[in-house]
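A short reminder: the numbers here are calculations on the coordinates, not readings from a lab. These numbers were taken from a predicted model, which means no experiment stands behind them. Quick reminder, even Gly has a Cβ in these numbers, built from the backbone with ideal geometry, and neighbours come from all protein chains shown.
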Amino acid sequence: KRVGSAVRVFKRNGRKLRIVGDGPEYKALKRESARNVEFCGRVSDDELSEVYARCRALLMPGEEDFGMTAVEALASGKPVIALGRGGVVESVPASNPAGGVFYEAPEEEQLAGAIEGFERMEAEFQPHELQAYASRFSEERFLREMRAVIEPARAAG
């Protein structure tokens with residue numbers, strides 16, 4: 001997930017980074033990091049909600065099939081800084097209102113530039129608009145739209 005890239009970029013820029021979760025690289029990344037990088041490990045759903053509430057943005061330096069984490073951040077009113085590949089390009093609005101900042105290549109310089117770009121436009125993000133956008137991925141909407149497809153087919157069959 002390219003967390004190592006994020007650790008190195010934040011080690012250089014001195015900004016605060018909180019990493020949630022653990023994985024095979026956890027111990028090595030923790031040794032490599034600086035004091036401004038906090039490793040939270042696995043957290044409960046309630047703790048994760050608190051992390052989203054207190055963060056400025058979600059950072060996704062790796063490519064994922066579908067960005068559910070990105071949708072959770074948007075639902076919390078937080079923008080996303082992400083490598084512009086994979087599912088995140090489907091789950092985060094790229095145009096007005098923007099849901100974050102995408103960067104093109106998985107290079108640390110581009111990640112650093114995306115962070116700087118986010119900071120220049122941070123005041124432009126509207127939490128209520130991000131939350132409204134995320135609602136299109138709600139369970140309620142999914143069930144409603146699936147019923148609209150399944151029930152007519154069931155009635156015809």
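Within region 2-48, can you find the residues that are surrounded by 17 or more Cβ atoms within 10 Å (Cβ to Cβ) and of a type in the set (S, T, N, Q)? The answer is SER5, SER33.
Listed here are the residues, each with its yes/no results for (1) closer than 28 Å to GLY4 by Cα; (2) of a type in the set (Gly, Ala, Ser); (3) surrounded by 13 or more Cβ atoms within 10 Å (Cβ to Cβ).
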site: LEU58; (1), (2), (3): yes, no, yes
site: GLY84; (1), (2), (3): yes, yes, yes
site: ALA105; (1), (2), (3): yes, yes, no
site: GLN110; (1), (2), (3): yes, no, yes
site: TYR133; (1), (2), (3): no, no, yes
site: PHE137; (1), (2), (3): no, no, yes
site: VAL149; (1), (2), (3): no, no, no
site: PRO152; (1), (2), (3): no, no, no
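The residues of region 113-131 that are among the aliphatic types (A, V, I, L, M) and more than 16 Å from the chain's Cα centre (by Cα), listed by number, are MET121, ALA123.
Mind listing just one residue for me: the one in region 101-112 that is outside any loop (DSSP other than H, G, I, E, B) and of a type in the set (Asp, Glu) and, of those, farthest from the chain's Cα centre (by Cα)? Looking at the filtered set, the residue picked out is GLU109. In summary, ALA98 fulfils each of the numbered conditions (1) crowded, with 17+ Cβ neighbours inside 10 Å; (2) in contact with a strand residue (DSSP E or B) (Cβ under 7 Å, 6 or more places away or on another chain); (3) part of a loop (DSSP other than H, G, I, E, B) with the single exception of condition (2).
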